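Worksheet: the structure to be examined is printed underneath.
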Amino acid sequence: MITASDIMHAGAQCVRADQTLLDAAMMMRDMGVGALPICGEDQRLKGIITDRDIVTRCIAEGKDPSTMKAMELSGHLHCVHADDSMDAVLKKMEQHQIRRIPVIDGERLVGMISEADLAMGHREGGWLTDKQIVEFMDSVYMKR
């Protein structure tokens with residue numbers, strides 16, 4: 001059985017809850033990612049922030065990304081466990097129409113799964129079927 005830990009990017013870097021959105025945006029730029037997990041001082045997952053959150057919920061509302069803290073934009077957190085099956089991962093991402101999901105082991109962040117990871121699993125043959133990819137795309141992109 002393929003699990004979340006088999007396909008995740010291990011060692012995801014966090015933005016601290018007390019860091020600014022400007023810090024988060026620069027981290028995203030430097031790492032070439034569109035989302036970052038938010039971790040507290042205990043390194044436990046507290047939330048996730050996306051580049052879209054920064055644009056629509058900070059900048060477009062006239063707020064200052066150099067003073068607004070990452071935790072202020074953290075919404076409801078969806079995550080999967082490292083030992084969750086591929087089907088469970090897909091179901092959660094489809095159900096909540098999300099493209100990236102943190103992976104935890106216990107209460108600690110151990111990695112991230114993105115839509116690119118899912119596509120790679122399909123391309124390499126074995127992780128996902130054509131039907132699973134189509135269902136994922138339909139759920140995440142077409143039902144908005």
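For the reader, a short list of remarks on this structure follows.
- Some residue of region 75-86 being surrounded by fewer than 16 Cβ atoms within 10 Å (Cβ to Cβ), out of contact with any strand residue (DSSP E or B) (no Cβ under 9 Å at 6 or more places or on another chain) and hydrophobic (A, V, I, L, M, F, W, C): no
Each row is one residue, and each column tells you yes or no for (1) outside any helix (DSSP H, G or I); (2) among the hydrophobic types (A, V, I, L, M, F, W, C).
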{"position": "27", "(1), (2)": "no, yes"}
{"position": "30", "(1), (2)": "no, no"}
{"position": "33", "(1), (2)": "yes, yes"}
{"position": "38", "(1), (2)": "yes, yes"}
{"position": "48", "(1), (2)": "yes, yes"}
{"position": "67", "(1), (2)": "yes, no"}
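- The listed residues are 16, 44, and the only one of them that is touching a Lys or Arg at 6+ places or on another chain (Cβ under 7 Å), more than 22 Å from residue 116 (Cα to Cα) and open to solvent by 30 Å² or more (accessible area, probe 1.4 Å) turns out to be 44.
- Total residues in region 106-122, condition without any contact (Cβ under 8 Å) to a residue 60 or more places away in the chain, charged (D, E, K, R) and closer than 18 Å to residue 1 by Cα: 0
- Candidate set: region 87-96, residues that are within 20 Å of residue 45 (Cα to Cα) and within 15 Å of the chain's Cα centre (by Cα); chosen: the one surrounded by the fewest Cβ atoms within 10 Å (Cβ to Cβ): 96
- Unmet requirement for residue 116, which otherwise passes all of (1) within 12 Å of the chain's Cα centre (by Cα); (2) open to solvent by less than 40 Å² (accessible area, probe 1.4 Å); (3) hydrophobic (A, V, I, L, M, F, W, C); (4) at pLDDT below 90: (2)
- Boolean, residue 11 is out of contact with any helix residue (DSSP H, G or I) (no Cβ under 8 Å at 6 or more places or on another chain), of a type in the set (Gly, Ala, Ser) and under 19 Å from residue 71 (Cα atoms): no
The values are calculated or read from the model by the stated rules, or taken from the named source; none is laboratory data. The shown structure was predicted, so the numbers you read here are calculated from the model rather than taken from an experiment. Backbone-built Cβ (ideal geometry, glycine too); neighbour counts: all protein chains shown. Each accessible area value is taken on the protein alone, full model and side chains, heavy atoms only, with ligands, DNA and RNA left out. Shrake-Rupley method; radii C 1.70, N 1.55, O 1.52, S 1.80 Å.
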